[in-house]
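The values are calculated or read from the model by the stated rules, or taken from the named source; none is laboratory data. Predicted model, so just to flag it, every value in this text is computed and none were measured. Cβ sites come from the backbone with ideal geometry, for glycine too, and all protein chains shown count toward neighbours.
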Amino acid sequence: MSSSVDLDLVEGLLARDEDRLREVIALYGGVVLGMARRVLAEGGMAEEVAQDTFLALWRRPGAFNPERGTLKSFLVTVARNKAIDLVRKQESLRRTKDQLLADLRTSVQPPGAGLENTEELKGSLKQIPAQQREAIVLAYFGGRTYREVAEELGIPEGTAKTRLRDGLRRLKEVMTSGDDRDE
Amino acid sequence: MIAMNDEHDRLRSLIAPYALGALPEDEIRFVRAHILECEDCMADADAYFEAATSLSTAVEEVPVPAGFADRVLDLARGSAQGPASAPRRRTWRSVPALAIGALAVTALLLAGMVIDTRRALDRSENAFAAILIGEELRGEDAVGRLASTGEGSTLVIAGLPEAAEGRSYQLWFLRGDDAPVSAGVFDVSADPTVIDIDLRFEGYSGAAVSIEPEDGSTEPTGAIVLSNA
């Protein structure tokens, strides 16, 4: 699933080649920092999370499994997990529902330059019904548990679980139909 | 049979939150165990994880601050290659004295930690592994257990206070005469507390925790509060 560029970069990291780490940061630093900022209310902590993300890759390049996805998605997921850990430990770092949903409205605006995959995904998110989208954004980018999603949206826990499930199903359907169009 | 189906349906309803990382910690292990023994739920989990992972690409790039790569590389050099400074390394050889007089206290702390941790951290198989089979680290009034778990390590600590303002704890892995390798910087938010570490302890012969500046140090510079030496 990964490109040969990803594999070359990771091979360089395994060989302790600092220039390859610079290349990785040049390629993915923006999106890694973007994820950290999306989750965290404090910009300074977001940069720290981004640093920790690249440091973790440098320490253990073997943790990246090219068969399970791209280096970009691996790094962004690591950054998201690190940021969520912080949010769950420190309430003040948590972004509000309004902030998270405002980002969502921004992110489904017509696409800007570049970032093909990002724009495709935004399109996919846009095709999820609004209530499901809200629940997914609160959970995935806001670090809320399904119980917290229910509380913040004022819905029963069962409804929150259903919205998360149906949202993921819809997202998968949209992704699959996109793949079919590409073939 | 009806009860079993109810339980299956209940666990199945938690798979989407699990894939999104939105499951409360006390429910994770039940869902994980169920997925491993139920083909239908395993298929659900595969599909949901794929969709959830795709969300990671729905993020806007932001400009990276000047000097960011240099800062990462500075940290990387410190953590991956270790310092070459002999005088600093000698600091570590003086570690054991701290723990010698506190065996009785640490044994009591450890006994309490196992009981309390079983209650408070039931969700964490890694914490159990560290407590049950981990290397024991001792300090003046604190005790820890450290074990390789999965792709990293887990450290469980009891009796360590929050770090002072502007300071952090830093974990170091030790091997022979090699320079200490930084395994990460952390603070203590609960007692006992569980620290997830990216680096595996396996292959190292020793470990210690020192007090360092908030962002950590490239080599140990402060007081040692825990050690297995």
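Being surrounded by 19 or more Cβ atoms within 10 Å (Cβ to Cβ) and within 17 Å of A:Tyr140 (Cα to Cα) is the filter here; which residues of segment B:48-66 pass it?
Scanning segment B:48-66 gives B:Tyr48, B:Ala51, B:Ala52, B:Ser54, B:Leu55, B:Ser56, B:Thr57, B:Ala58, B:Val59.
Could you list, in sequence order, all residues of segment A:29-73 that are more than 22 Å from A:Ala139 (Cβ to Cβ) and more than 9 Å from chain B (Cβ to nearest Cβ)?
The answer is A:Gly43, A:Gly44, A:Leu57, A:Pro61, A:Phe64, A:Asn65, A:Pro66, A:Glu67, A:Leu71.
Of all residues in segment B:1-45, which are of a type in the set (Lys, Arg) and either in contact (Cβ under 8 Å) with a residue 60 or more places away in the chain or loosely packed, with under 11 Cβ neighbours inside 10 Å (or both)?
B:Arg29
Only one of A:Ala130, A:Ala83, A:Ala102 is more than 9 Å from chain B (Cβ to nearest Cβ) and at pLDDT below 80. Can you tell me which?
A:Ala102
Which residue is nearest to the other protein chains (Cβ to nearest Cβ), if the candidates are limited to segment A:133-172 and must be of a type in the set (Gly, Ala, Ser) and surrounded by fewer than 24 Cβ atoms within 10 Å (Cβ to Cβ)?
Per the criteria, the residue is A:Gly158.
Are any of the residues in segment B:43-52 touching a Ser or Thr at 6+ places or on another chain (Cβ under 7 Å) and either at pLDDT below 90 or within 23 Å of A:Leu75 (Cα to Cα) (or both)?
no
In segment B:59-71, what count of residues is obtained for those that are assigned to a loop (DSSP other than H, G, I, E, B) and either more than 17 Å from A:Ala46 (Cβ to Cβ) or under 27 Å from the mean Cα position of the chain (by Cα) (or both)?
Residues flagged as assigned to a loop (DSSP other than H, G, I, E, B) and either more than 17 Å from A:Ala46 (Cβ to Cβ) or under 27 Å from the mean Cα position of the chain (by Cα) (or both) within segment B:59-71 amount to 0.
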